[in-house]
1. Using r as the Cβ-Cβ distance of Asp145 and Lys91, and R0 as 35 Å, what FRET efficiency do you calculate, to the nearest 0.05?
2. Please report the carbon-and-sulfur percent of the accessible area for the chain; probe 1.4 Å, protein heavy atoms only, DNA, RNA and ligands left out.
3. Please compute the modelled spin-label separation between Tyr1 and Glu121, points set 7 Å along Cα→Cβ, answer in nm with one decimal.
4. Given 0.36 nm per residue, what is the gain on full extension from Ala14 to Lys136 after removing their alpha carbon distance, in nm?
5. Which loop-located chymotrypsin sites (Phe, Trp or Tyr not before Pro) does region 9-62 contain, where loop means any DSSP state but H, G, I, E or B and the Cβ has at most 13 other Cβ atoms within 10 Å?
6. Tally the DSSP beta bridges in region 60-139 and give the antiparallel ones as a percent, rounded to 5.
7. Which ³J(HN,Hα) values in Hz, rounded to whole numbers, follow from the phi angles of region 82-89 under the Karplus curve 6.51 cos²θ - 1.76 cosθ + 1.60, where θ = phi - 60° and Gly and Pro get x?
8. Please give every one of the aspartates and glutamates within straight-line cross-link reach of Lys39, meaning a C-alpha to C-alpha distance under 15 Å, and leave out same-chain neighbours fewer than 8 residues apart.
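The values are calculated or read from the model by the stated rules, or taken from the named source; none is laboratory data. Just so we're clear, the structure is a prediction, and the values are computed from it rather than from any experiment. Neighbour counts run over all protein chains shown; Cβ positions are idealised from the backbone, glycine included. Just the protein is used for accessible areas: all its heavy atoms, side chains included, with ligands, DNA and RNA removed. Shrake-Rupley method; radii C 1.70, N 1.55, O 1.52, S 1.80 Å.
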Amino acid sequence: YSKLAASGHYSQLAASGNYSKLAASGDYSQLAASGDYSKLAASGDYSKLAASGHYSQLAASGNSSQLAASGDYSKLAVSGDYSKLKITGEKSVGANIGINGKIKGKKGNWITLAEYNGKYEPICVLSARIDGEKIKENTWYCLKDGKFTESEKA
């Protein structure tokens, strides 16, 4: 039942118990939790969040943030530009709605991406289940011309 919070830049927070809550608002923060039902949130740019427990929830709003969850039934969301979201658990949902965002995950997970025009206006939001055929497992995707498009190595 740990609760950790940091507001300075370059903060590092870690929790290994179940039901942990971690939050950081400074740039370059790093958050990690290994217990089930953990909740991690970061608002600073270049933040890194990782959770390995089941039913974890991760959210980041800073640009160039990176999120990863390996526990099953996890929920991940990122809105920062140029952010990356990786889902390695099962029965999970991830959404990257930042400009030039990327996402990848395991077969069976659901992913959501957003696409923007040159004026930074949203023009498309698309969700899909990773089926292993149309949307490949463990492959980075972005949205381009309203379609999931394989992205270069992230």
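1. 0.70
2. Of the solvent-accessible surface of the chain, carbon and sulfur hold 48 percent.
3. The modelled label-to-label distance comes out at 5.1 nm.
4. Values: separation 122, 0.36 × 122 = 43.92 nm, distance 3.17 nm.
The span from Ala14 to Lys136 would gain 40.7 nm if fully extended.
5. Taking region 9-62 and a limit of 13 other Cβ atoms within 10 Å, the loop chymotrypsin sites (Phe, Trp or Tyr not before Pro) found are Tyr10.
6. Values: 7 of 24 bridges.
Counting DSSP beta bridges with both partners in region 60-139, the antiparallel share is about 30 percent.
7. Per residue, the Karplus-derived 3J(HN,Hα) values read 6, 8, 10, 10, 10, 10, 10, x Hz.
8. Asp72
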